[in-house]
Every structure is written in structure tokens, then in C-alpha cells.
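K.L.:
Below is the structure I would like to discuss, written out as C-alpha cells.
The values are calculated or read from the model by the stated rules, or taken from the named source; none is laboratory data. All values derive from a computational prediction rather than experimental measurement. Every residue, glycine among them, receives a Cβ derived from its backbone with ideal geometry; neighbour counts consider all protein chains shown.
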């Protein structure tokens with residue numbers, strides 16, 4: 001799978017721009033503030049339906065314009081595919097070949113890949129939300145049923161929270177059942193993906209750091225404890241029991257305190273939590289190893305290679321670690337890298353000068 005061409009209209013700094021790409025290594029090179037990251041952001045949007053820089057899609061529209069549109073041509077299963085995303089204050093639409101969809105969620109699974117960017121440090125140092133988001137996006141790209149359960153869980157929890165604040169219990173059982181059913185699926189899938197990322201992440205950390213330090217991940221299912229290893233029916237019953245048991249206390253707070261929306265993933269080096277004990281360099285290596293592990297896990301579940309996007313090749317890595325990383329890119333299919341450096345990174349690289 002590879003992206004052949006991308007046409008941007010009113011996206012960030014681009015009024016009307018067309019880019020063509022190599023199926024291998026693409027270097028987006030130039031000074032800062034020229035749109036290098038915005039080009040990667042456009043590719044990422046077509047992969048996920050969101051930005052890795054902002055939660056507000058309106059910020060993606062070029063100043064003075066009323067919409068943005070992205071048109072891509074990519075090759076998948078040896079067949080040319082066309083994909084269009086359109087967004088304005090009044091409309092959002094996806095067109096995949098000749099079929100239209102009203103939701104950007106429909107983008108998930110069409111163009112699969114991973115992005116590495118400087119703000120990724122939040123994965124190690126930030127709140128649990130950033131780590132849950134990593135797991136959710138990894139799963140959403142390969143499992144439509146996961147998106148279904150995650151959406152149902154969020155919807156049911158909003159309804160339950162509304163009833164808690166209103167102190168109404170007449171229909172709360174049905175929402176709790178839906179939450180418990182969705183939570184069981186979400187937790188089982190997250191635990192599975194964390195085990196995969198642990199296995200693959202250790203290999204990638206060794207490749208980058210070359211230090212022999214143990215890299216480990218542990219999924220923390222809030223309120224589940226040892227029940228996480230039970231089958232889905234037992235786990236559903238456990239969650240439903242908890243929701244019923246905690247109702248009175250949660251009515252005072254107006255919020256649900258237990259479930260997948262509170263879960264976390266602990267990242268450790270040498271059996272110590274990386275957030276508290278790892279150096280800046282070690283934390284950065286953890287993040288890159290985790291992103292490469294995501295790519296490897298996507299590859300294991302696909303017949304073609306996912307995309308790899310890297311914003312700012314420097315990424316605070318020292319020269320040795322960066323050299324190991326660049327060399328590894330040779331085997332990753334289509335890669336997009338932004339850099340301010342003018343030197344050649346790999347043989348036969350395709351350069352897009354900004």
C-alpha cells in the first residue's frame with residue numbers, strides 16, 4: 001500500500017497544492033513554518049479523521065477560507081483507489097471511490113499507519129487519556145467492532161451520567177448493561193494490544209537504544225483487577241455489578257467513576273515507571289519504540305505495509321540513536337519524514353523541498 005498523490009485545498013497554509021510521492025522514502029525538507037508538518041497532518045487526517053496537533057477541525061481550514069478538502073490517490077491491493085475528505089462548518093463528507101459517507105470515522109482502516117511527532121512525549125509524561133487514545137487508535141484501524149463498542153460505551157455513559165445528575169434510576173439498568181457489555185469487549189481488546197506492543201516494543205527499544213534495558217508495558221483496567229482475565233460474560237457482569245453498587249455515591253458526583261474511560265497503560269524501563277525514573281532521552285526512546293511497535297502490529301494484521309510518518313527527524317534523539325532509526329526505515333515500506341537538515345538521509349530518497 002502506498003500514497004501516490006495528495007491534493008490539498010485550503011488546508012492550513014496550503015491554498016491549492018498537489019504533491020506526488022515515492023512508494024519508498026519521502027523526505028519533506030525545508031525551513032520551519034513552510035508547511036512540512038501540515039503536509040504530514042493532511043496524510044494523518046486521511047488515515048484517522050483527526051489531527052495530531054489539534055482537536056478543533058476548524059483550525060485546519062486556511063485563514064480566510066470556509067472549508068478544506070483533501071483528495072488522495074493511493075494503491076491498495078494493487079488497485080488504484082481515490083479518497084476525498086471535505087470539511088466546513090456546515091458539512092463533513094468522505095468519498096471513497098464512488099461511495100460517500102457522512103462521518104470521518106469511515107476513514108479508519110482505509111489508509112493505515114502511524115505517526116511519530118515531537119509532542120509524543122506526552123504519551124510517557126502525560127495523563128492516562130493520551131495512552132488510552134494510542135490504544136484506541138491502534139485497535140480502531142484494524143477492528144471495526146472495536147469502534148462500534150467504544151461508541152456505544154461513550155453514548156451509554158453519557159446517558160447514565162445524565163440520569164445520575166438528575167437522580168433518576170428508572171431506566172439506568174439498561175444503560176449500565178450496555179456499558180458493561182461494551183466495556184468487556186474494550187478491555188479484552190486493549191489488554192491484547194498491550195501484550196502485543198510489549199513484545200514488539202522491547203525489540204524496537206533494543207534497536208534504537210542498543211542498551212539491553214528492559215522495556216515493559218502493563219495495562220491497568222480501572223476497577224477490573226484480576227477480573228480482566230475472565231471471559232467477556234463474567235467481565236460484563238462484574239462491571240454491571242459495580243455500576244449498580246456505586247450508583248448512590250456517583251449520584252452525588254454526577255459521573256461514572258469506573259470503567260474503560262479511566263484505564264491506563266504503565267510504561268516502564270528496568271522495572272521502574274518511565275514517567276518518574278527515565279531520563280529525557282530514555283523517555284523519547286520509549287515513545288519511538290512504542291510507535292514502531294504500533295507499526296509492526298499493524299503490519300502483522302495486514303497483507304500490505306502500513307504508512308510511517310515522522311515529523312521532525314531530530315526528535316531529541318542523540319546521533320547514534322537517530323542513525324539506528326533512519327537505517328531501520330529502509331524496511332518500512334512508504335515513509336514520510338520532515339526535516340530541516342539538507343544532508344541526504346538514505347539512498348534513493350525522494351525529496352520534497354518546501
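K.L.:
Considering each of 149, 162 in turn, give the residue that is in a helix (DSSP H, G or I), buried (at least 20 other Cβ atoms within 10 Å of the Cβ) and out of contact with any strand residue (DSSP E or B) (no Cβ under 9 Å at 6 or more places or on another chain).
P.N.:
Details: 162 fails: buried (at least 20 other Cβ atoms within 10 Å of the Cβ).
Exactly one of 149, 162 is in a helix (DSSP H, G or I), buried (at least 20 other Cβ atoms within 10 Å of the Cβ) and out of contact with any strand residue (DSSP E or B) (no Cβ under 9 Å at 6 or more places or on another chain), namely 149.
K.L.:
Quick check on the stretch 200-217. Is at least one of its residues closer than 30 Å to residue 247 by Cα and in a helix (DSSP H, G or I)? Lay out the reasoning, then the answer.
P.N.:
Quick first cut of the stretch 200-217, residues closer than 30 Å to residue 247 by Cα only: none.
Looking through the stretch 200-217, none of the residues is closer than 30 Å to residue 247 by Cα and in a helix (DSSP H, G or I).
K.L.:
I've got another one for you. Is it the case that some residue within the stretch 221-235 is part of a helix (DSSP H, G or I), in contact (Cβ under 8 Å) with a residue 60 or more places away in the chain and surrounded by 21 or more Cβ atoms within 10 Å (Cβ to Cβ)? Walk me through it before giving the result.
P.N.:
Pass one, the stretch 221-235, residues part of a helix (DSSP H, G or I): 225-229, 232-235.
Keeping just the survivors that are in contact (Cβ under 8 Å) with a residue 60 or more places away in the chain gives none.
Scanning the stretch 221-235 turns up no residue that is part of a helix (DSSP H, G or I), in contact (Cβ under 8 Å) with a residue 60 or more places away in the chain and surrounded by 21 or more Cβ atoms within 10 Å (Cβ to Cβ).
K.L.:
Tell me the residue from 131, 160 that is over 23 Å from the mean Cα position of the chain (by Cα) and either modelled with pLDDT of 95 or more or more than 30 Å from residue 275 (Cα to Cα) (or both), please. Before you say what the answer is, go through the steps one by one.
P.N.:
Details: 131 fails: over 23 Å from the mean Cα position of the chain (by Cα).
On inspection, the qualifying residue turns out to be 160.
K.L.:
Moving on. Please count how many residues of the stretch 51-79 are touching a residue at least 12 places away in the same chain (Cβ under 8 Å), over 18 Å from residue 108 (Cα atoms) and not in a loop (DSSP other than H, G, I, E, B).
P.N.:
Final tally of qualifying residues: 5.
K.L.:
Further question: Any residue in the stretch 72-83 that is more than 26 Å from residue 337 (Cα to Cα) and either more than 18 Å from the chain's Cα centre (by Cα) or surrounded by fewer than 17 Cβ atoms within 10 Å (Cβ to Cβ) (or both)? Before you say what the answer is, go through the steps one by one.
P.N.:
Step one: list which residues in the stretch 72-83 are more than 26 Å from residue 337 (Cα to Cα), which gives none.
No - not one qualifying residue is present in the stretch 72-83.
K.L.:
I'd like to check something: does the stretch 34-50 contain any residue that is without any contact (Cβ under 8 Å) to a residue 12 or more places away in the chain, out of contact with any strand residue (DSSP E or B) (no Cβ under 8 Å at 6 or more places or on another chain) and either within 29 Å of residue 341 (Cα to Cα) or part of a loop (DSSP other than H, G, I, E, B) (or both)? Quick ask: steps written out before the conclusion?
P.N.:
As a first pass, look at the stretch 34-50 and keep what is without any contact (Cβ under 8 Å) to a residue 12 or more places away in the chain: none.
No, that holds for no residue.
K.L.:
OK, next. Being over 30 Å from residue 333 (Cβ atoms) and either touching a helix residue (DSSP H, G or I) at 6+ places or on another chain (Cβ under 7 Å) or surrounded by fewer than 21 Cβ atoms within 10 Å (Cβ to Cβ) (or both), is that true of even one residue in the stretch 202-220?
P.N.:
Of all residues in the stretch 202-220, those over 30 Å from residue 333 (Cβ atoms) come to 218, 220.
Pick out the ones that are also either touching a helix residue (DSSP H, G or I) at 6+ places or on another chain (Cβ under 7 Å) or surrounded by fewer than 21 Cβ atoms within 10 Å (Cβ to Cβ) (or both) and you get 218, 220.
For the stretch 202-220, residues over 30 Å from residue 333 (Cβ atoms) and either touching a helix residue (DSSP H, G or I) at 6+ places or on another chain (Cβ under 7 Å) or surrounded by fewer than 21 Cβ atoms within 10 Å (Cβ to Cβ) (or both): present.
K.L.:
What do you reckon, is residue 42 at pLDDT 95 or above and within 21 Å of residue 138 (Cα to Cα)? Give the steps one after another, and end with the answer.
P.N.:
Values: at pLDDT 95 or above: yes; within 21 Å of residue 138 (Cα to Cα): yes.
Yes; evaluated as a whole, the condition is true for this residue.
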